[in-house]
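Report on one structure; see the data block that follows.
The values are calculated or read from the model by the stated rules, or taken from the named source; none is laboratory data. Here the structure is a predicted model, which is why all the values come from computation and not from measurement. Cβ sites come from the backbone with ideal geometry, for glycine too, and all protein chains shown count toward neighbours. Quick note on the areas: whole protein, heavy atoms, side chains included, nothing else; ligands and nucleic acids left out. Shrake-Rupley method; radii C 1.70, N 1.55, O 1.52, S 1.80 Å.
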Amino acid sequence: MPISYTIDSDRGRVVVQFTGTVRDQDLFSTFHQLYGDPRHRIGMPELTDCRELERAELTGAGLRALARMTATKLDPAQKPWKVAVVAPQNVVYGLARMYELLREGSPEHVEVFRDLAAAEAWLEEPG
């Protein structure tokens, strides 16, 4: 599976790892599984690590659909949470920024970073 996730109970955080080639369907199936996982709770900070992503076959329509799915499943609780995306590659960075813009104004506060240390520091900041 090109996308996997772990729920770090000690840190109260979700870590999503992208590897290899990722397509729209991979996004939908992974996040559908995550949102249905009984260990997942709304408001958990999330680190999405795309450093090992080799090829992103994602579409604008796919990112919009993911944003809608997140809005439907998580936004009604209105608990704000942070999502830090680590995307050192230009194409992936651009796609992540597109998702960030799609979620603007929602309780999901997405920020895109080029390196892991900056993303980790932002997730640790209060608020």
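Search the stretch 58-84 for residues that are among the acidic types (Asp, Glu) and pair each with any residue that is assigned to a loop (DSSP other than H, G, I, E, B) and surrounded by 15 or more Cβ atoms within 10 Å (Cβ to Cβ) when their beta-carbon atoms are under 8 Å apart and the residues are at least 6 apart or on different chains.
Hits for this filter: Asp75/Ser106; Asp75/Pro107.
It is to be established whether one or more residues within the stretch 43-56 are among the hydroxyl-bearing types (Ser, Thr, Tyr) and over 18 Å from Ile3 (Cβ atoms). Before you say what the answer is, go through the steps one by one.
So in the stretch 43-56, the residues among the hydroxyl-bearing types (Ser, Thr, Tyr) come out as 48.
Add one more test, that the residue is over 18 Å from Ile3 (Cβ atoms), and what stays is none.
Scanning the stretch 43-56 turns up no residue that is among the hydroxyl-bearing types (Ser, Thr, Tyr) and over 18 Å from Ile3 (Cβ atoms).
How about the stretch 43-72: which of its residues are open to solvent by less than 50 Å² (accessible area, probe 1.4 Å) and of a type in the set (Val, Ile, Thr)? Lay out the reasoning, then the answer.
Step one: filter the stretch 43-72 for residues open to solvent by less than 50 Å² (accessible area, probe 1.4 Å), giving 43-50, 53, 56, 58, 60, 62-63, 65-67, 69-71.
Answer for the stretch 43-72, where residues must be open to solvent by less than 50 Å² (accessible area, probe 1.4 Å) and of a type in the set (Val, Ile, Thr): Thr48, Thr70.
Looking at His40, is it part of a loop (DSSP other than H, G, I, E, B) and either over 15 Å from Tyr5 (Cα atoms) or touching a Leu at 6+ places or on another chain (Cβ under 9 Å) (or both)? Walk me through how you get there before you give the answer.
On the way: part of a loop (DSSP other than H, G, I, E, B): yes; either over 15 Å from Tyr5 (Cα atoms) or touching a Leu at 6+ places or on another chain (Cβ under 9 Å) (or both): yes.
Taking the combined requirement at face value, the residue satisfies it.
Of all residues in the stretch 52-62, how many are in a strand (DSSP E or B) and touching a helix residue (DSSP H, G or I) at 6+ places or on another chain (Cβ under 7 Å)? Break it down into steps so the answer makes sense when it comes.
Our first condition is that a residue be in a strand (DSSP E or B); within the stretch 52-62, this holds for 52-57.
Checking the rest, the ones that are also touching a helix residue (DSSP H, G or I) at 6+ places or on another chain (Cβ under 7 Å) come to 53, 56.
Going through the stretch 52-62 one residue at a time, the tally reaches 2.
Within the stretch 117-127, count every residue that is part of a helix (DSSP H, G or I) and without any contact (Cβ under 8 Å) to a residue 12 or more places away in the chain.
At the first step, the residues of the stretch 117-127 found to be part of a helix (DSSP H, G or I) are 117-124.
In the following step, the residues that additionally are without any contact (Cβ under 8 Å) to a residue 12 or more places away in the chain were identified as 117-118, 121, 124.
Of the residues in the stretch 117-127, 4 are part of a helix (DSSP H, G or I) and without any contact (Cβ under 8 Å) to a residue 12 or more places away in the chain.
Sort out which residues of the stretch 63-116 are in contact with a strand residue (DSSP E or B) (Cβ under 7 Å, 6 or more places away or on another chain), part of a helix (DSSP H, G or I), under 20 Å from His40 (Cβ atoms) and of a type outside the set (Phe, Trp, Tyr), and write them in order of number.
Of everything in the stretch 63-116, just one residue is in contact with a strand residue (DSSP E or B) (Cβ under 7 Å, 6 or more places away or on another chain), part of a helix (DSSP H, G or I), under 20 Å from His40 (Cβ atoms) and of a type outside the set (Phe, Trp, Tyr), namely Thr70.
If I go through the stretch 92-118 residue by residue, how many of them are in contact with a helix residue (DSSP H, G or I) (Cβ under 7 Å, 6 or more places away or on another chain) and among the hydroxyl-bearing types (Ser, Thr, Tyr)?
Final tally of qualifying residues: 2.
Looking only at the stretch 64-100, how many residues end up being acidic (Asp, Glu) and at pLDDT 95 or above? Lay out the reasoning, then the answer.
Looking only at the stretch 64-100, we keep the residues that are acidic (Asp, Glu), and these are 75, 100.
Those left that are additionally at pLDDT 95 or above: 100.
So the answer is 1.
Taking the stretch 106-118 on its own, how many of its residues are farther than 16 Å from Lys73 by Cα and surrounded by fewer than 19 Cβ atoms within 10 Å (Cβ to Cβ)?
Narrowing the stretch 106-118 to residues farther than 16 Å from Lys73 by Cα: 110-118.
From what's left, surrounded by fewer than 19 Cβ atoms within 10 Å (Cβ to Cβ): 111, 114-118.
Number of matching residues: 6.
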